[in-house]
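K.L.:
One structure follows; several queries about it will come next.
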Amino acid sequence: MNLISVDDLTNEMYLELFGLTEMFIEVSTRPIPKVPTLRGKTLATVFFENSTRTRLSFETAAKRLSADSLSFSASTSSLSKGESLFDTINTLDAIGVDFLVVRHSRAGTASMVANWTQAAVINAGDGCGEHPTQSLIDCATLVRRFAKPDLESLDRSKTINKYLSGLKIAIVGDVLHSRVARSNIKAFTNLGAKVTLVGPPTLIPDNIESWPVDVCYDLDQVISEMDVIYLLRMQNERFDESMVPSTLEYSKNWGLDMARLKRLGPDGVIMHPGPINRGVELTSEVADSTQSLILDQVRHSVPVRMAILAMLANLIGGGHE
Ligand code: ASP
């Protein structure tokens, strides 16, 4: 089994992942935070785009599950000598890897790689496509904070769409180029939340009539109704001309400062997949405030990615215990 898109997940899988995440959070508190689940397995991170959190947390997750990990970086590899992506993947396959964690600037790359390899492929971000593991981290973070049903006691498959029921989430900023937004819209909605997209018209996709979202171009109009403000970074690397008049103009209209945070109310929370640009999508005061879940998202990244690897290993019949 591969994890290319949030669409690959069944309701049972979300629940299994939330359960495993709790278990691995407990493992992380032990003096030796390691379990033998993936002993004898090898994971390769294959990144053609920069990353801090995703690569580090996948490699940490692999180590804590006792897997071996290899790290492939496009800039220091034979790609710079003209080797193709296909041959690079064949080479990794021949070395013998069980998991390929792939990041690439082109949407669809992880899915293409999955056709070339025996390994389980995990999409760690494909251009403007999807970022399913970030989305699972965000869902786990929200479920831990807001989940309505008791994780243990309810009929699990039937209640998944009630986990975040009634929760109002605004995804703010560069939705057009955001793979995180594409995955999160589907996942948050699946868990019962109501999603509103907010941003300059130039950064909201045209064809969203079929998406299960509301749209508003004015943050001040909706902020007081929201429970969660999920901020997105401007993906400057994905477009040539500026899609907003200026960064100053953007932060004035769509950036989160203390005045807007006050209007969100004391129970509202802020999320961001990182990397954050202080002074653009949010001020430093907001980023470091007690209402910010940004570091919780990072804290959850290792146990959630451990949960994903353990679940996939089990599904492909290879995990220990
Ligand atoms: N880290 C996220 C991603 O890889 C978000 C971002 O880069 O803005 O898509």
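The values are calculated or read from the model by the stated rules, or taken from the named source; none is laboratory data. Computed from a predicted model, the values in this text were never measured in an experiment. Here the Cβ is made from the backbone with ideal geometry for all residues, glycine too, and neighbour counts use every protein chain on show.
K.L.:
Go through (1) β-branched (Val, Ile, Thr); (2) touching a helix residue (DSSP H, G or I) at 6+ places or on another chain (Cβ under 8 Å); (3) modelled with pLDDT under 90 one by one and return the number of the condition residue 60 breaks.
P.N.:
(3)
K.L.:
Hey, another quick one. Of the residues in the range 284-307, how many are surrounded by fewer than 16 Cβ atoms within 10 Å (Cβ to Cβ) and small (Gly, Ala, Ser)?
P.N.:
Going through the range 284-307 one residue at a time, the tally reaches 1.
K.L.:
Follow-up. Determine, yes or no, whether residue 87 is loosely packed, with under 14 Cβ neighbours inside 10 Å and under 26 Å from residue 181 (Cβ atoms). Spell out the reasoning first.
P.N.:
Working: loosely packed, with under 14 Cβ neighbours inside 10 Å: yes; under 26 Å from residue 181 (Cβ atoms): no.
When the stated conditions are applied, residue 87 does not pass them.
K.L.:
Still on this model: How many residues does the range 81-90 hold that are under 18 Å from residue 43 (Cβ atoms) and either small (Gly, Ala, Ser) or more than 28 Å from the chain's Cα centre (by Cα) (or both)?
P.N.:
Residues of the range 81-90 under 18 Å from residue 43 (Cβ atoms): 88-90.
Now drop any that are not either small (Gly, Ala, Ser) or more than 28 Å from the chain's Cα centre (by Cα) (or both), which leaves none.
Qualifying residue count, the range 81-90: 0.
K.L.:
Now, a different point. Go through the range 38-56 and give me each residue that's out of contact with any strand residue (DSSP E or B) (no Cβ under 8 Å at 6 or more places or on another chain), surrounded by fewer than 23 Cβ atoms within 10 Å (Cβ to Cβ) and not hydroxyl-bearing (Ser, Thr, Tyr).
P.N.:
To start, the set of residues in the range 38-56 that are out of contact with any strand residue (DSSP E or B) (no Cβ under 8 Å at 6 or more places or on another chain) comprises 38-40, 50, 52-53, 56.
Subsequent filtering for residues that are surrounded by fewer than 23 Cβ atoms within 10 Å (Cβ to Cβ) retains 39-40, 50, 52-53, 56.
Within the range 38-56, 39, 40, 50, 53, 56 meet the criteria.
K.L.:
Also, I was wondering about something else. Scan the range 46-56 residue by residue and report those that are within 13 Å of the ligand (Cβ to nearest atom) and not in a loop (DSSP other than H, G, I, E, B).
P.N.:
At the first step, the residues of the range 46-56 found to be within 13 Å of the ligand (Cβ to nearest atom) are 47-56.
Once the filter is applied, which keeps residues that are within 13 Å of the ligand (Cβ to nearest atom) and not in a loop (DSSP other than H, G, I, E, B), the range 46-56 yields 47, 53, 54, 55, 56.
K.L.:
Residue 24: on the phi < 0 side of the Ramachandran plot, buried (at least 18 other Cβ atoms within 10 Å of the Cβ) and within 16 Å of the ligand (Cβ to nearest atom), yes or no?
P.N.:
Details: on the phi < 0 side of the Ramachandran plot: yes; buried (at least 18 other Cβ atoms within 10 Å of the Cβ): yes; within 16 Å of the ligand (Cβ to nearest atom): no.
No; evaluated as a whole, the condition is false for this residue.
K.L.:
Also: Quickly run through the range 197-256 and pick out the residues that are among the charged types (D, E, K, R) and either at pLDDT 95 or above or in contact with a strand residue (DSSP E or B) (Cβ under 8 Å, 6 or more places away or on another chain) (or both). Explain how you work it out, then say what you get.
P.N.:
Initially, the range 197-256 is screened for residues among the charged types (D, E, K, R), giving 206, 209, 214, 218, 220, 225, 227, 233, 237-238, 240-241, 249, 252.
Hits for the range 197-256 are 214, 218, 220, 225, 227, 233, 252.
K.L.:
Across the range 57-80, which residue is farthest from the ligand (Cβ to nearest atom) among those that are exposed (fewer than 15 other Cβ atoms within 10 Å of the Cβ) and part of a helix (DSSP H, G or I)?
P.N.:
78
K.L.:
While we're here: For the range 107-139, how many residues meet the condition of being of a type in the set (A, V, I, L, M) and either in a loop (DSSP other than H, G, I, E, B) or within 15 Å of the ligand (Cβ to nearest atom) (or both)?
P.N.:
Here is the first cut: in the range 107-139, the ones of a type in the set (A, V, I, L, M) are 107, 110, 112-114, 119-122, 124, 136-137.
Applying the additional criterion that residues be either in a loop (DSSP other than H, G, I, E, B) or within 15 Å of the ligand (Cβ to nearest atom) (or both) yields 107, 110, 119, 122, 124, 136-137.
Count: 7.
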